[in-house]
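The values are calculated or read from the model by the stated rules, or taken from the named source; none is laboratory data. All figures in this text were calculated on a predicted structure; none of them were measured in a lab. Glycine also receives a Cβ, built like all others from the backbone with ideal geometry; neighbour counts cover every protein chain displayed. SASA here: full protein model, heavy atoms, side chains in, ligands and nucleic acids out. Shrake-Rupley method; radii C 1.70, N 1.55, O 1.52, S 1.80 Å.
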Amino acid sequence: MSAPQSNDLGPDLAKGISADDVPDGHILLGHVGQDPVLLARRGGDFFAIGAACTHYGGPLAQGLMVGDTVRCPWHHACFSLRTGEALRAPALSPVATWAVEPRDGMVFVRNRKELPRPKSGLGGAAAAGSVEKIVIVGGGAAGFAAAEKLRREQWQGSIVMLSDDDAAPVDRPNLSKDYLAGSAPEDWIPLRPDSYYAENGIDLRRKASVAAIDVQARQVALGNGDKIPYDRLLLATGAEPVRLTIPGAELPHVQVLRSLADCRAIIALAAAAHRVVVLGASFIGLEVAAALRARQLEVHVVAPEKRPMERILGPQMGDFVRALHEEHGVIFHLEESAKAIDGKQVILSTGKTLAADIVVAGIGVRPRTQLAEAAGIALDRGVLVDTYLRTSVPEIFAAGDIARWPDPHTGDNIRVEHWVVAERQGQTAALNMLEHRERFATVPFFWSQHYDVPINYVGHAEKWDEIAIEGDIAAKDCLLRYRQAGRTLAVASIYRDLESLRAELAMEQEVS
Ligand SMILES: Cc1cc2nc3c(=O)[nH]c(=O)nc-3n(C[C@H](O)[C@H](O)[C@H](O)COP(=O)(O)OP(=O)(O)OC[C@H]3O[C@@H](n4cnc5c(N)ncnc54)[C@H](O)[C@@H]3O)c2cc1C
Ligand code: FES
C-alpha cells in the first residue's frame with residue numbers, strides 16, 4: 001500500500017501507513033497534524049518522535065538509527081526513540097514522542113505523549129549518601145552540561161556553579177558564526193533562560209572568580225575571600241585566548257573572541273568599521289572572517305602558515321577553505337605575521353602595512369590550568385584525568401578544554417577543544433561524581449561553519465600518512481579519511497552527514 005502524501009512533510013501518520021513502508025532498522029519522515037514526526041521500526045517495535053533536533057533543528061529523518069536511538073546528521077546529537085530523551089550532547093532537551101499503534105499490517109501514530117520525566121532513584125540515594133555538595137568551577141560547555149545532567153538525573157544535592165564570566169552559560173560556537181554575522185537572534189545565545197538556574201536549584205554565581213582550591217579542607221576560595229565547601233568538585237575552566245605580545249596589542253580595537261562580552265565588543269566596533277585584520281587562519285579566525293564578511297567589512301587574514309587549517313585538515317581541505325574564503329572576498333596574507341600595530345595600521349613581518357579598524361587575534365588558546373596547578377593536581381599539558389574523568393585528587397574531576405584523558409581510540413592521552421566533547425565530558429563527570437563508573441569513550445566530534453559550508457570532523461588524528469578522498473572537495477561533497485598505517489583515525493566531511501555518522505559508529509565499534 002502506498003502512503004498518503006501531504007506536501008513535503010511525508011505521509012499523514014495519523015491516518016496510518018503500511019508497516020511494510022517502514023522496514024526493520026529504518027526511519028521515515030511523516031507528520032501528525034502540523035508536527036513533523038519521525039517513525040522508526042526496530043524488529044516488531046515502532047516508535048514515533050519529533051523529527052527536528054532540539055539543538056539547531058537538524059532533520060533527524062536524515063540521521064542514523066542505531067539500536068533504539070537516532071543520531072542527528074548535523075552535529076551528532078543522539079535521541080532515544082523510546083523516550084525522546086537527548087542521550088548525547090549537543091542536544092540537551094528531549095524531542096516529543098507519540099504513541100504508535102500497529103494494527104492489521106498498518107501503523108497508526110496516535111496521541112502525543114508527555115515529555116520524558118527526569119529519571120528517579122539515582123539522586124535521592126546519592127544525596128543521602130556521601131555526596132551532598134557539588135561545586136562546579138566554570139560556566140561553559142562542560143560546567144553547564146554537568147549541572148544540567150545532575151538535575152536531569154534528579155540528584156537532589158546542592159550545586160554551586162562558579163563562573164568568572166558576567167554572562168550565564170552561552171552557546172559559545174555561535175559567537176563566531178551567526179551571532180557575530182548578525183543573523184542569529186539574541187535568544188539563541190543563552191543555553192537556558194536566566195530563570196532556569198533558580199528553578200532547578202543551581203546556584204549560578206556569575207563574576208565569581210575562583211582563586212584557590214584547598215584540597216585538604218575540600219573547599220574553594222573566591223577572589224573576594226568567600227569559601228565554598230564541596231564533596232565533589234568539577235574543574236571546567238576551559239581555555240583562554242593567547243594574547244598578542246607585539247607593540248600595540250593593548251589598543252582598544254585589538255580584540256580576542258571567547259566570551260559573549262568579547263563578541264559584543266567586536267560587533268560594536270564593526271558598526272563603524274570598514275576594514276578588519278584577522279590574525280590567525282585557524283577555525284576561529286576564519287569563522288570570524290566569514291561572519292564579518294557578512295557584515296560587508298573588508299577582511300584581511302594574516303597567518304604564518306602556508307595554508308589555512310592544514311595542520312588539522314590537511315593540504316587539500318586547506319586549499320579548499322582558502323579558495324572558499326577568497327570567493328567571498330577575504331584577502332589572505334599567508335606566511336606572514338604581524339610585528340606591530342601602530343594606531344590603525346598593522347605592520348607585517350615583511351614590512352607591508354594593512355589598515356585596520358578592528359584587529360581580531362585568533363592565534364590559539366591555552367587551557368586554564370592555573371587553579372589545578374596551584375592545588376597540586378597532576379598536569380600534562382592540561383589537567384590529567386583517568387577514564388572516569390577523575391583527576392589525581394579523588395574528589396576532583398575535570399572536563400572540557402582543560403582535560404587530557406586516555407582516549408581508547410588512539411591509545412593516547414589527548415586533549416581537544418571541541419564543544420560537543422566538553423559537554424559530553426561534563427555529563428560523564430556528573431555521573432561519576434555520583435559514584436557511577438562510566439568510562440569516557442566518546443569519539444571526538446567537532447564542526448565548523450564557513451558561509452554555507454559546514455565541515456564535520458569525527459575522530460582524532462594528530463598525524464597521518466595518507467588522506468583518502470571520496471567525492472569532490474571543490475563541489476562541497478566529500479569525505480576525507482585520515483589514515484595511519486591503514487587505520488582510519490579521523491574523517492572530515494562536507495555534506496556527507498550520514499557517512500560521517502557511520503564513520504563515527506565504526507570508530508566506536510572498534511573499541512567496544
Ligand atoms: C568563538 C568560538 C567558537 C567556537 N566554535 C566551535 C565549533 O564550532 N565547534 C566546536 O566543536 N567547538 C567550538 N569552539 C570551542 C568550544 O566552544 C570549546 O571547546 C568549549 O566551549 C569548551 O568548553 P569548556 O566548558 O571546557 O570551556 P568554556 O566553555 O570556555 O567554559 C569555561 C568557563 O570557566 C570559567 N572560568 C575559568 N576560570 C575560572 C575561574 N578561576 N573561576 C571561575 N570561573 C572560571 C570561564 O569564565 C568560562 O565560563 C568554539 C570556541 C569559541 C571561543
Ligand atoms: S542540529 Fe542536531 S546536533 Fe545540532
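Among the listed residues 308, 367, identify the single one that is touching a residue at least 24 places away in the same chain (Cβ under 8 Å) and within 30 Å of residue 391 (Cβ to Cβ).
Numbers: 308 fails: within 30 Å of residue 391 (Cβ to Cβ).
The match here is 367.
Return the residues of segment 389-414 that are under 18 Å from residue 89 (Cα atoms) and part of a loop (DSSP other than H, G, I, E, B); say none if nothing qualifies.
The initial filter retains those residues of segment 389-414 that are under 18 Å from residue 89 (Cα atoms), namely 389, 398-401, 403.
389, 399, listed by residue number.
Inspect segment 82-89 for any residue being acidic (Asp, Glu) and either open to solvent by less than 30 Å² (accessible area, probe 1.4 Å) or within 15 Å of ligand 2 (Cβ to nearest atom) (or both) and give the result as yes or no.
So the first thing to find is which residues in segment 82-89 are acidic (Asp, Glu), and the list is 85.
Of the ones still in play, those that are also either open to solvent by less than 30 Å² (accessible area, probe 1.4 Å) or within 15 Å of ligand 2 (Cβ to nearest atom) (or both) are 85.
Checked segment 82-89: at least one residue is acidic (Asp, Glu) and either open to solvent by less than 30 Å² (accessible area, probe 1.4 Å) or within 15 Å of ligand 2 (Cβ to nearest atom) (or both).
Among the residues of segment 462-512, what is the count of those that are out of contact with any strand residue (DSSP E or B) (no Cβ under 6 Å at 6 or more places or on another chain), part of a loop (DSSP other than H, G, I, E, B) and not charged (D, E, K, R)?
Result for segment 462-512: 6.
Which strands (runs of 3 or more DSSP E) sit wholly inside segment 279-367 and have at least 2 residues that are open to solvent by 60 Å² or more (accessible area, probe 1.4 Å)? Break it down into steps so the answer makes sense when it comes.
Values: elements: 298-303, 331-334, 338-342, 345-348, 353-355, 358-361, 365-367.
Strands (runs of 3 or more DSSP E) meeting the threshold: 338-342.
Pick from 413, 432, 456: which is under 27 Å from residue 139 (Cα atoms) and open to solvent by 40 Å² or more (accessible area, probe 1.4 Å)?
Details: 432 fails: open to solvent by 40 Å² or more (accessible area, probe 1.4 Å); 456 fails: open to solvent by 40 Å² or more (accessible area, probe 1.4 Å).
Result: 413 is the single residue among 413, 432, 456 that is under 27 Å from residue 139 (Cα atoms) and open to solvent by 40 Å² or more (accessible area, probe 1.4 Å).
Could you list, in sequence order, the residues of segment 500-512 that are under 16 Å from residue 71 (Cβ atoms) and surrounded by fewer than 18 Cβ atoms within 10 Å (Cβ to Cβ)?
Going residue by residue through segment 500-512, those that are under 16 Å from residue 71 (Cβ atoms) are 500-509, 512.
Residues satisfying the conditions are 502, 505, 506, 508, 509, 512.
For segment 198-219, which positions are open to solvent by 50 Å² or more (accessible area, probe 1.4 Å) and either part of a strand (DSSP E or B) or at pLDDT below 95 (or both)?
If the condition is that a residue be open to solvent by 50 Å² or more (accessible area, probe 1.4 Å) and either part of a strand (DSSP E or B) or at pLDDT below 95 (or both), then 203, 205, 211, 214 are the ones that fit.
Find the residue count for segment 477-494, including only residues that are under 21 Å from residue 66 (Cβ atoms) and open to solvent by 10 Å² or more (accessible area, probe 1.4 Å).
2
Okay, residues lined up against (1) assigned to a loop (DSSP other than H, G, I, E, B); (2) without any contact (Cβ under 8 Å) to a residue 24 or more places away in the chain; (3) open to solvent by 40 Å² or more (accessible area, probe 1.4 Å):
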| residue | (1), (2), (3) |
| --- | --- |
| 20 | no, no, yes |
| 23 | yes, yes, yes |
| 30 | no, no, no |
| 36 | no, no, yes |
| 40 | no, no, no |
| 48 | no, no, no |
| 54 | yes, no, yes |
| 61 | no, no, no |
